[in-house]
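Heads up: the structure comes next, in C-alpha cells.
The values are calculated or read from the model by the stated rules, or taken from the named source; none is laboratory data. Bear in mind the structure is a predicted one, so any value in this text is a computation, not a measurement. Note: ideal-geometry Cβ built from the backbone for every residue, glycine included; neighbour counts use all protein chains shown. For accessibility, only protein heavy atoms count, side chains too; no ligands or nucleic acids. Shrake-Rupley method; radii C 1.70, N 1.55, O 1.52, S 1.80 Å.
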Amino acid sequence: MKLSVRILFSIIFLCLLTLQGISQGADTKPGVTGFYLDCFHCDFTFVRQELPFVTFVRDPLLADVHIMVTESNTGSGGQKFFMNFIGRNQLKGTDYEYTVTTIESDTDDDIRKALLQILKIGILQYYSKTDMIDQMTIDIEDKENRKADDMTIDRWNKWVFSFEAGGELQKEKSQNSFDLGTSANIRKITEEWKTNLDAFYSIEQQKFMDDDSTILKQEHRTEFSAYYVKSLNEKWSAGIFSTYTSWNYLNTQHKVGFAGGIEYNIFPWKECNRRVFAIKYWAGANYFDYYDRTIYDKMYETLFSEGVEINLELIQPWGEISVGLEGRHYFHDFSKNRLTLESDFSIRITKNISIFCQLESQIIHDQIYLSSRELSRDDILLERRQLATTYEIRSELGLRFTFGSIYNNIVNERF
C-alpha cells in the first residue's frame, strides 16, 4: 500500500513538471505591455469590462508591470489601499505608488470605481512610454475648484463609534439553542495618537432533551479592552492597555488587567503596507476572581506578568509572509508560561506552482484558572469548561498549480 502511494505521488509530480515545461513557451505578444493585477479586493470582471484595451496576464512572471494592491484600516472605519505599479523586463525600475482612501459607508461599487480610477492613471504612465501614446486622447473633467481656506469641519473630531447586535435561534423536538451577541467599538486615530475601546458580550444556550433527562449548556462571555498608543517617532511607539474578562468557560468570574508596553519597528511605519518587522515588550498586573476553586487552591489572586512579541509581515510580488511569535510568563513562577506561533504564507515557487500554509500552535503551561471540580462526561462533551492541555495546534497546507493561456481579458457571465 505504501509503495502504491509513492508511485501515485511520483506520477502526479512528473505530470506537473511536464505541464510546466509545456507552458514555459507562453509569453505576451511583441510590443504588447502585459499587466498582472495582484489585488484581492478588486472586482476583476469589472476591471476587464471597463479596460478592454489593457492586456492582463494570468502569470506574474510574464507581466511587464506587476500591480500589487495592499490595504490598511483607517481610523474612521474605512480602508486605505496602496497601489504599487512595479515595472519588469524593459520597464524595470519604472515604479509608481498611489493611494485610495475609502470610508466605512462606501459601497462595493464605490470602492471598485475608486480603484479603477487609479488603475487607469497608473496604466497611463506606462502606455505613455510606448507607441500606444499616439492612439490616446485624454479628457480631464473640470470639477469645482477648491480653495485653501475651504476646510472641512469635523464635528466628531476624528472619533468613530460602532455598535452591533444580533442573535440566532434554532429549535427542534429534541434540542434547541440560541445565542445573542453585542459589541461596541469607540476609536480615534491620528498620526500621533491611537485610542481604542472595545466591548463585547455574548450568551449561548444549548438544550438537549430525551424521555428521561435534559442536558443544558450555558456559556456567557463579557470582554472589555482599551488601549492608548503614542507614536514616538517613525519607528518607536509606546502604549498603555487595560482589559476586563468574565467567562465561565475559563472559570473566570472577573479578570482585570493593566499593562504598559513599548514597540520598535525595524522598518519605518510609513512602509507598513509592504513590510513590518516589529518587536514588542509589555509588562503588567492581573487580578483574577474565579467561579470554582482552582487546581492551585485559589478563589482569587493577583499576578504580575510580562511578554515579548515579534511580528514579521512581508507583501512582495513573489508572495506574502506573516509570522508572529509571542512568549509570556508570570513572575511568581516562570514555569507558568505560554509560547504562541502564528504563521501564514503564500510563496510562488515557479511561474506555475505556489504553496500556501497556515500554522497556529501554542505551548501552554499557564492554565492557572482550571477548576479543581471534577468534570462530568457532559461537561467534557459539551465543552462547558476548558480542559487541561499543554499544546494546541491548527495547520493548513496546500499546493496550487495553474497552467494554460496567460490572457484573461475576455468576460463571459452567461449562466
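May I ask you to list the trypsin sites (Lys or Arg not before Pro) in the range 266-370 that are in a DSSP loop and have at most 10 other Cβ atoms within 10 Å of their Cβ? Present the calculation step by step, with values, prior to reporting the outcome.
On the way: sites: 270, 274, 275, 280, 293, 298, 328, 336, 338, 348, 351; in loops: 274, 293, 298, 336, 351.
Filter output for the range 266-370: empty list.
Determine the share of the range 195-274's accessible area contributed by carbon and sulfur atoms, expressed in whole percent, with a 1.4 angstrom probe. Could you put the intermediate results ahead of the total?
Values: 2570 of 4450 Å².
Exposed carbon and sulfur together represent 58 percent of the surface.
Would you mind classifying the range 333-403 by shape? Square roots of the alpha carbon gyration tensor eigenvalues, ordered a ≥ b ≥ c; an a/c under 1.5 is rounded, otherwise it is prolate if a/b is larger than b/c and oblate if not.
Working: a/c = 7.21, a/b = 2.26, b/c = 3.19.
Oblate, because a/c is 1.5 or more while a/b does not exceed b/c.
Which of the trypsin sites (Lys or Arg not before Pro) across the range 56-125 are loop residues per DSSP, with 10 or fewer other Cβ within 10 Å? Walk me through the intermediate numbers first.
Working: sites: 58, 80, 88, 92, 112, 113, 120; in loops: 58, 88, 92.
Counting only loop positions with at most 10 other Cβ atoms within 10 Å, the trypsin sites (Lys or Arg not before Pro) in the range 56-125 are 92.
When the Cα centres of the range 240-270 and the range 153-183 are compared, how far apart do they sit, in Å?
Measuring centre to centre over Cα atoms gives 23 Å.
Could you report the accessible area of residue 86 in Å², rounded to 10, computed with a 1.4 Å probe on the protein chains as they sit in the structure?
Solvent-accessible area, nearest 10 Å²: 30 Å².
Quick check: from the Cα gyration tensor, does the range 244-355 come out rounded (a/c under 1.5), prolate or oblate?
On the way: a/c = 3.20, a/b = 2.18, b/c = 1.47.
Cα axes put the range 244-355 in the prolate bin.
Measuring from label point to label point, each 7 Å out along Cα→Cβ, what is the residue 356 to residue 341 span in nm?
Calculated label separation equals 2.2 nm.
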